[in-house]
Amino acid sequence: MTRVRQCDIAIVGGGLAGGMIALALAKSRPDVRTLLVESADTLGGNHIWSFFDSDIAPDDRALIVPLVAHWWDGYHALFPGLRRRLDARYHSITSARFDRVVRAALPAERVLTGRKAIGVGPRSVVLADGRRIEAGAVIDARGPGDLTTLECGWQKFLGRELKLGAPHGLARPVVMDATVDQLDGFRFVYLLPFGPDRIFVEDTYYSDTPDLDHALLGGRISAYAEQRGWPVESVVAEEAGVLPVVMGGDFEAYWRSGGAHVAKAGVRAGLFHPTTGYSLPDAIRTARFVAGLRDLTAPALHDSLHGFARQAWQARSFYRLLDRMLFRAAEPAQRWRVLRHFYRLDESLVARFYAGTSTGWDKARVLFGRPPVPIGRALKAIAG
């Protein structure tokens, strides 16, 4: 077997960002020899990604629709003193479906799973088994760079898909149930009804620390199900994660930490929403952006993706300001008040916030009025 593989584009990391770029190139640039490299045995890891209709531009929907496993015609948000239904269509993608769709779009020999990269350069990849990939350009999409270059709080979660012994009675997702006890910062439970007797229950925290106690959170999920009167027959699947909630930092230092001259995508490029930590909308935009580039040589691809990511960073200073208010101006047990204030605003404003496309008027609406945090702390947080 040859120990050197050649291609036009080598994408290292078969998660959401890398897989979407490979999918977009396969669909619109089949002439580009793309090689997708993933250390695990399957693409997409172990995840459920969800998004709103408004997160995705109309021209990008053809790319994402085949990945959708579940969708609903609205969702709920629950807080003390506020129970709200919003009508935005909501979708979920499972990693199993992601793996099937991306593999189906690429020739089998262009997907290398179970292959760990131990060296990544602008035009080459060295694998742990000694093989080498030589490419016109390499995109590193393996996950975060050095997060110590950024000022972060943390969104951490444990989610379980439960098989119940009776119907749960939910017709739509609950994106936030913040009526639960507020522990370890802002806490809420996230619910996705996958079927009459199947439901995904996620216990989520906006916390000052990234520590995640699986056993503790698992117990809280069980207690929540019991409180709702849901008899649990089995745990079908489990997902856990810790996402950065970015308050500030040095974008250029973060970019260099992943390799100064290597093109990057996804979280490794800083392409995620600073407040929610979600990267799916950026993954779709990045995939379309790369597929539309005329010059896919290594220097040009690096410069294009660096500029794309830097522009996104500069455009999102408002969200980093809100994160400072959430983590520095609000007492941990009172952070839910900031989110309740937000969910009382116009539904279209909420949609633009999640999409990362808030207007100037949106920003004013979020900040004006009686603040849900002490005014002195709010001013200090705004000042950074």
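The values are calculated or read from the model by the stated rules, or taken from the named source; none is laboratory data. Here the structure is a predicted model, which is why all the values come from computation and not from measurement. Here the Cβ positions follow ideal geometry from the backbone for every residue, glycine too, while neighbour counts run over all protein chains shown.
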Q. Regarding Leu78, is this residue out of contact with any His (no Cβ under 7 Å at 6 or more places or on another chain), touching a residue at least 60 places away in the same chain (Cβ under 8 Å), assigned by TED's automatic domain parsing to the domain that holds Leu296 and not in a helix (DSSP H, G or I)?
A. no
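I'd like to check something: does the range 134-143 contain any residue that is among the small types (Gly, Ala, Ser), surrounded by 19 or more Cβ atoms within 10 Å (Cβ to Cβ), under 28 Å from Thr276 (Cβ atoms) and not assigned by TED's automatic domain parsing to the domain that holds Lys264? Talk me through it step by step, then tell me what you get.
First, the residues of the range 134-143 that are among the small types (Gly, Ala, Ser): 135-137, 141, 143.
With the extra rule that they be surrounded by 19 or more Cβ atoms within 10 Å (Cβ to Cβ), the set shrinks to 135, 137, 141.
Add one more test, that the residue is under 28 Å from Thr276 (Cβ atoms), and what stays is 141.
This time we only want the ones that are not assigned by TED's automatic domain parsing to the domain that holds Lys264, so: none.
Looking through the range 134-143, none of the residues is among the small types (Gly, Ala, Ser), surrounded by 19 or more Cβ atoms within 10 Å (Cβ to Cβ), under 28 Å from Thr276 (Cβ atoms) and not assigned by TED's automatic domain parsing to the domain that holds Lys264.
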Q: Can you run down the residue pairs with Cβ atoms below 9 Å, 6 or more apart or on separate chains, where the first is in the range 28-44 and under 15 Å from Leu293 (Cα atoms) and the partner is part of a loop (DSSP other than H, G, I, E, B) and among the aliphatic types (A, V, I, L, M)?
A: Arg29/Leu296; Val32/Leu296; Thr34/Leu106
Q: Quickly run through the range 46-65 and pick out the residues that are surrounded by fewer than 18 Cβ atoms within 10 Å (Cβ to Cβ), closer than 22 Å to Glu347 by Cα and among the acidic types (Asp, Glu).
A: Asp53
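With respect to Leu192, determine if the residue is in a strand (DSSP E or B), surrounded by 22 or more Cβ atoms within 10 Å (Cβ to Cβ) and either in contact with a Lys or Arg (Cβ under 9 Å, 6 or more places away or on another chain) or not assigned by TED's automatic domain parsing to the domain that holds Tyr254 (or both).
On the way: in a strand (DSSP E or B): yes; surrounded by 22 or more Cβ atoms within 10 Å (Cβ to Cβ): yes; either in contact with a Lys or Arg (Cβ under 9 Å, 6 or more places away or on another chain) or not assigned by TED's automatic domain parsing to the domain that holds Tyr254 (or both): yes.
Yes, satisfied.
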Q. Hey, among the residues in the range 263-287 that are hydrophobic (A, V, I, L, M, F, W, C) and closer than 12 Å to Arg142 by Cα, which one's surrounded by the fewest Cβ atoms within 10 Å (Cβ to Cβ)?
A. Val267
Q | Close pairs (7 angstrom Cβ cut-off, 6 or more residues apart or separate chains): within 16 Å of Gly270 (Cα to Cα) in the range 316-330, in a helix (DSSP H, G or I) anywhere | A | Phe318/Lys363
Q | Members of the range 139-189 found to be assigned to a loop (DSSP other than H, G, I, E, B), under 18 Å from the mean Cα position of the chain (by Cα) and charged (D, E, K, R), listed by number | A | Arg142, Asp146
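Any residue at all in the range 228-243 that's aliphatic (A, V, I, L, M), assigned to a helix (DSSP H, G or I) and modelled with pLDDT of 95 or more? Reasoning before the result, please.
The initial filter retains those residues of the range 228-243 that are aliphatic (A, V, I, L, M), namely 232, 235-237, 240, 242-243.
Next, from what is left, pick out any that are assigned to a helix (DSSP H, G or I): none.
No, the range 228-243 contains no residue that is aliphatic (A, V, I, L, M), assigned to a helix (DSSP H, G or I) and modelled with pLDDT of 95 or more.
Tell me which helices (runs of 4 or more DSSP H) are completely within the range 297-363 and hold 3 or more residues being buried (at least 17 other Cβ atoms within 10 Å of the Cβ) and touching a Gly at 6+ places or on another chain (Cβ under 8 Å), or say none if there are none. Quick ask: steps written out before the conclusion?
Working: elements: 298-315, 317-324, 336-343, 347-355.
It comes to 298-315, 317-324.
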